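Below you will find the structure I want to go over with you.
The values are calculated or read from the model by the stated rules, or taken from the named source; none is laboratory data. In this text, all values refer to a predicted model and were calculated from it rather than measured experimentally. Cβ placement follows ideal geometry from the backbone for every residue including glycine, while neighbour counts extend to all protein chains displayed. When the accessible area is computed, the model is the full protein with side chains, heavy atoms only, and any ligands, DNA or RNA have been set aside. Shrake-Rupley method; radii C 1.70, N 1.55, O 1.52, S 1.80 Å.
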Amino acid sequence: MTTPFAAARQAEHLAFAFAPPAPGVAANDNGTESLNATLLRAALKHFARYGLGAAENARAEAERAFFADDREGYRWWLGICRALDRRMASTLRARTEQTLNSPGA
């Protein structure tokens with residue numbers, strides 16, 4: 001005696017019923033929504049040139065500008081670093097502010 005077998009059509013309906021909901025709008029966790037278009041474009045070009053090391057390179061450029069007393073250049077490179085790696089930029093900013101606020105600075 002054979003056992004009847006149901007077609008896979010029912011399983012397809014169950015797969016949709018148990019599938020997780022589709023995500024909404026994609027979100028960027030780096031906070032780039034506050035960046036201006038010029039800085040964002042520069043950050044993307046910097047990433048295209050340096051790849052995964054782009055944020056570290058931008059951090060080094062920001063440090064170089066900071067210690068050369070080039071505040072405008074520092075803010076520019078800090079912005080690029082922030083667009084690529086918000087945590088790294090926050091750490092850099094905290095360190096540079098600490099340097100400014102330390103005695104003898």
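Cβ-Cβ under 9 Å, sequence separation 6+ or interchain: first residue in region 84-97 and over 21 Å from Asn36 (Cβ atoms), partner in a helix (DSSP H, G or I) and charged (D, E, K, R). Which pairs?
If the second residue must be in a helix (DSSP H, G or I) and charged (D, E, K, R), the pairs left are Thr91/Arg59; Arg95/Glu63; Thr96/Glu63.
Among the residues of region 56-91, how many are assigned to a helix (DSSP H, G or I), among the acidic types (Asp, Glu) and either open to solvent by 60 Å² or more (accessible area, probe 1.4 Å) or touching a Cys at 6+ places or on another chain (Cβ under 6 Å) (or both)?
2
Still on this structure: Only residues in region 46-60 that are without any contact (Cβ under 8 Å) to a residue 60 or more places away in the chain count as the first member; pair them with residues that are polar (S, T, N, Q), Cβ under 6 angstrom, at least 6 apart or cross-chain, and list the lot.
Tyr50/Asn57
State all residues of region 92-105 that are among the hydrophobic types (A, V, I, L, M, F, W, C) and open to solvent by 30 Å² or more (accessible area, probe 1.4 Å); if no residue qualifies, say none.
The answer is Ala94, Leu100, Ala105.
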